[in-house]
Amino acid sequence: MTAKPPVTDGPRTRLTASERSEALRRRAHDLIPGGAHTYAKGDDQYPEGAPAFIVRGTGCHVWDVDGREFIEYGMGLRSVTLGHAYPPVVEAAAAAMKQGANFTRPSPLELEAAERLLGLIEGADMAKFAKNGSDVTTAAVKLARAHTSRDLVAICRDQPFFSTDDWFIGTTAMPAGIPQSIRAMTLSFRYNDLDSVDTLFRRHRGQIACLVLEPAASQEPAPGFLQGLRDRCDAEGAVLVFDEMITGFRWHRGGAQGLYGVVPDLSAFGKGMANGFSVSALVGRRELMELGGIRPDRERVFLLSTTHGAETHALAAAIATMKIYESEGVVETLHRQGARLRAGIDEAARSRGIASHFLLIGRDCNLVYAAKDADGKPSQAFRTLVLQEALKRGILMPSLVVSYSHGDEEIDRTVDALAEVFGVYRQALDGGIAPFLEGRPVQPVFPPKS
Ligand SMILES: Cc1ncc(COP(=O)(O)O)c(C=O)c1O
């Protein structure tokens with residue numbers, strides 16, 4: 001056995017939110033189902049005493065309602081790629097807002113945003129904007145069904161989320177309220193497994209409208225996998241849809257499709273494209289996208305016609321964000337700083353003897369982690385311990401996703417804090433976790449499927 005360095009316990013005070021903060025938390029649960037507007041932000045995702053509400057942020061720093069400061073690695077569910085309150089984006093949005101938020105006819109910002117986005121995404125001819133990622137993945141499914149006159153949809157089962165709409169939520173462990181007839185229309189295949197795709201096409205010949213997947217998530221595509229999907233969709237007359245909600249503006253400024261060189265028929269962007277402002281986009285081939293147009297010679301598909309879809313200040317924020325991506329090395333920085341974080345954390349985990357219990361997963365620009373117990377099993381209790389001890393040391397880390405604002409200093413402070421956290425982790429592995437946990441364990445958003 002290798003000798004372990006002495007363990008630093010770090011702060012022993014409990015993680016506590018103020019009584020005022022707890023009162024606000026209770027009030028929120030009385031007025032808002034779940035106490036928040038995204039399950040991933042919910043209280044059950046965080047240890048007791050975690051920040052109840054965040055009141056402001058700048059760069060990669062946020063402050064909670066009790067005035068506690070944290071370096072954070074969730075970044076608005078990965079939507080804030082540049083940093084909180086990033087000045088050029090805020091200024092562009094404020095300038096547009098002062099001119100009016102929404103007009104009776106289109107604003108020129110709609111054209112400018114489309115030109116910029118299509119300039120970044122090679123192989124896409126047209127774009128349509130909306131507010132949420134779910135709107136645009138659902139629109140892609142609808143277009144695919146209209147184009148192919150087929151009902152079945154096939155999604156990648158190894159990836160966690162595509163939409164809040166029924167065609168996807170019906171496949172999860174929370175399908176309440178979704179008719180069986182709708183659930184039966186969504187099939188699934190495995191990532192990096194072309195045989196599973198072939199089986200689907202064989203069993204449902206001429207019935208599958210589209211394949212929907214993130215081009216990459218925690219796993220990288222095996223050589224030939226994405227091209228294999230492209231070839232099979234072409235051969236079977238199905239539509240290939242990439243969900244680039246997370247990969248877009250993170251893997252490559254042209255999306256993961258720009259990195260891997262496989263062009264889908266349709267793709268869905270959101271999250272990072274407006275640095276946290278609410279903008280999403282469906283982009284794709286003219287032949288499909290035009291089905292949602294108003295040219296008189298063909299039947300129309302009702303495609304993303306929303307009251308707020310072209311809100312001026314959100315599009316101005318998207319344009320400002322895209323300009324920064326065009327002129328500065330944002331994606332390179334996300335990869336570089338993620339690699340620095342990964343190297344530091346891996347070394348800290350090794351030095352504390354927990355390298356096989358705390359694992360970093362995914363691409364450097366989009367790190368998540370798995371916490372395992374003494375038997376090597378994934379553990380919500382150990383995840384809770386990491387969240388709890390990191391919060392005590394000023395780090396908010398539901399994931400370890402960096403932004404353009406995570407500088408060397410913040411990354412190094414995080415690594416130092418985590419070295420202490422890992423010391424506590426080691427003690428909990430050796431002596432049992434119960435004395436270290438200060439409250440109930442956190443829960444996954446979707447319960448495991450029974
Ligand atoms: C890969 C992916 N697709 C789609 C969505 C849905 O996006 P939205 O929450 O903006 O509707 C998400 C949201 O987390 C996502 O991660």
Count of the stretch 134-164 residues which are open to solvent by 20 Å² or more (accessible area, probe 1.4 Å), more than 9 Å from the ligand (Cβ to nearest atom) and under 19 Å from GLN219 (Cα atoms): 2
Residues of the stretch 244-282 satisfying the condition of being of a type in the set (Val, Ile, Thr), touching an Asp or Glu at 6+ places or on another chain (Cβ under 8 Å) and more than 14 Å from the ligand (Cβ to nearest atom): VAL263
Count of the stretch 399-443 residues which are open to solvent by less than 50 Å² (accessible area, probe 1.4 Å), in a loop (DSSP other than H, G, I, E, B) and either over 30 Å from GLY83 (Cβ atoms) or at pLDDT below 95 (or both): 6
Options HIS313, HIS308: the member that is over 25 Å from GLU122 (Cα atoms) and open to solvent by less than 60 Å² (accessible area, probe 1.4 Å): HIS313
Failed item in (1) away from the ligand (no atom under 16 Å from the Cβ); (2) on the phi > 0 side of the Ramachandran plot, with ARG300 passing the rest: (2)
Filtered residues of the stretch 276-289 (kept if part of a loop (DSSP other than H, G, I, E, B) and open to solvent by less than 10 Å² (accessible area, probe 1.4 Å)): VAL279
Residue check, LYS131 closer than 23 Å to MET289 by Cα, open to solvent by less than 60 Å² (accessible area, probe 1.4 Å) and among the basic types (Lys, Arg): yes
Among (1) within 30 Å of VAL239 (Cα to Cα); (2) open to solvent by 40 Å² or more (accessible area, probe 1.4 Å); (3) modelled with pLDDT of 95 or more, the one test that PHE302 misses: (3)
Selection from the stretch 165-174 of residues that are within 14 Å of PHE446 (Cα to Cα) and either modelled with pLDDT of 95 or more or open to solvent by less than 30 Å² (accessible area, probe 1.4 Å) (or both): PHE168, ILE169, GLY170, THR171, THR172
Residue within the stretch 291-299 that is under 25 Å from SER399 (Cα atoms), among the β-branched types (Val, Ile, Thr) and open to solvent by 10 Å² or more (accessible area, probe 1.4 Å) present: no
Every residue from the stretch 117-132 that is over 20 Å from ALA316 (Cβ atoms) and near the ligand (Cβ under 9 Å from one of its atoms): none
Residues located in the stretch 327-378, provided they are of a type in the set (Val, Ile, Thr), over 19 Å from THR247 (Cβ atoms) and in contact with a strand residue (DSSP E or B) (Cβ under 8 Å, 6 or more places away or on another chain): ILE345
So ALA173, is it more than 16 Å from the ligand (Cβ to nearest atom), in contact with a helix residue (DSSP H, G or I) (Cβ under 6 Å, 6 or more places away or on another chain) and under 29 Å from GLY76 (Cα atoms): no
Helices (runs of 4 or more DSSP H) lying entirely in the stretch 175-248 (those with 2 or more residues that are out of contact with any His (no Cβ under 8 Å at 6 or more places or on another chain) and under 20 Å from LEU259 (Cα atoms)): 225-236
Number of positions in the stretch 316-332 that are among the polar types (S, T, N, Q) and either surrounded by 19 or more Cβ atoms within 10 Å (Cβ to Cβ) or on the phi > 0 side of the Ramachandran plot (or both): 1
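The values are calculated or read from the model by the stated rules, or taken from the named source; none is laboratory data. Keep in mind that what you see is a predicted model, and the values were worked out from it rather than measured. Cβ: placed from backbone, ideal geometry, glycine included. Neighbour counts: every protein chain shown. Side chains included, ligands, DNA and RNA excluded: accessible areas come from the protein's heavy atoms. Shrake-Rupley method; radii C 1.70, N 1.55, O 1.52, S 1.80 Å.
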